Amino acid sequence: MKRFLGLGLLVLPVLGAFAQANAGWLKVEEDVAAAVRGPQVTVVHFWAPWCPNSQAELAHHGWSTFLELNRDVKFIFVTVRSTDDGRVLLADNSVGAQPNLTLLHHPNHVRKGEGSIQNFMDLPLTWVPTTWIFRDGRLRYALNYGEVRFPLLQQLIRDAADPWEHGPGPAPLK
């Protein structure tokens, strides 16, 4: 009996840390899921400050200009796979103070392999950067591999704002 008790005392702190980390992960996902439920077009952008493609998107005021030109669109930047939340890099590139932007940091900082974030809101998250476009709680478009091209993103935002008269579109997220 003492063996099991000793083992239990050793395992409980580890499980507690795991549960606490998972709660942080779930909080970020819940915040994003709540934000994309509304009728407004919402862009969710997963990025990392160490990622060359994420850095390239920031160059030449890419994101800062795009955010300014699309004030009626809600943007959520989620820093993933990084201990650094990236706020300094974003601020150095004039991103962060825009009223239509929310910055979140996913607490799972594992970059590769076992333990790294593979799904977000039950959707695969396999690459950084990744950009998703939502409206009415529905994923309208997903750019899952690499840096965004702003003219393409602009077209997808316009398309996502359309009423979709030819059908209901994909099912809303839970």
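Just so you know, all these numbers are worked out from the coordinates, no wet-lab data involved. None of these values were measured; they are calculated from a predicted model. Cβ placement follows ideal geometry from the backbone for every residue including glycine, while neighbour counts extend to all protein chains displayed.
Things worth noting here:
- Exposure proxy ranking, count of Cβ atoms within 10 Å, fewest first, for 54, 82, 116: 116, 82, 54
- Cubic angstrom per residue, convex hull over Cα atoms of region 2-161: 117 Å³
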